[in-house]
Amino acid sequence: MSSIQNLKSFDPFADATKGDNLLPSGTEDKIHIRIQQRNGRKTLTTVQGIATDYDKKKLVKAFKKKFACNGTVIEHPEYGEVIQLQGDQRKNICQFLLESHRQVEIYENLYTKQARKNCHKTLHPTAS
């Protein structure tokens, strides 16, 4: 019998993080943007994971003015301070955070039928 030559372990994702120096190692700057279905076509957008060095009330004020919606900061027992906005504001919030704030990694959790194929989409801002 012939011996099998290719039995070496191989990690296809080993070099996936090479050159990813937007964030220092060991930091987790993940912002979760979710929508919750309410009555009929009404939805709530929740934003969780914004760093504590940002004033969330000022962010809500800017969101309300820019997106023409109502919003508030609620205290969630498990997640801490969470921003709630009326309507589906996921794309608006992503664009706002990428244009206005420091380098962050955004995980969009899309819970609607039409957007399941885009679930867990990762956006990386360009370095300035």
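Would you mind stating whether Arg38 is basic (Lys, Arg), modelled with pLDDT of 80 or more and under 18 Å from the mean Cα position of the chain (by Cα)?
Against the criterion (basic (Lys, Arg), modelled with pLDDT of 80 or more and under 18 Å from the mean Cα position of the chain (by Cα)), Arg38 does not qualify.
Scanning for something under 14 Å from Gln36 (Cβ atoms) and among the charged types (D, E, K, R), does the range 68-82 turn up at least one residue?
No, because not a single residue in the range 68-82 is under 14 Å from Gln36 (Cβ atoms) and among the charged types (D, E, K, R).
Give the range 60-103 a look and list any residue that's over 14 Å from the mean Cα position of the chain (by Cα), part of a helix (DSSP H, G or I) and modelled with pLDDT of 90 or more, or say none.
Within the range 60-103, Val60, Lys61, Ala62, Phe63, Lys64, Lys65, Lys66, Phe67 qualify.
Could you look through the range 43-59, keep only residues that are part of a strand (DSSP E or B) and in contact with a helix residue (DSSP H, G or I) (Cβ under 7 Å, 6 or more places away or on another chain), and pick out the one that is surrounded by the most Cβ atoms within 10 Å (Cβ to Cβ)?
Val47
The values are calculated or read from the model by the stated rules, or taken from the named source; none is laboratory data. Everything numeric here is computed off the predicted structure, so don't read it as measured data. Please note: Cβ atoms are built from the backbone with ideal geometry, for glycine as well, and neighbour counts cover all protein chains shown.
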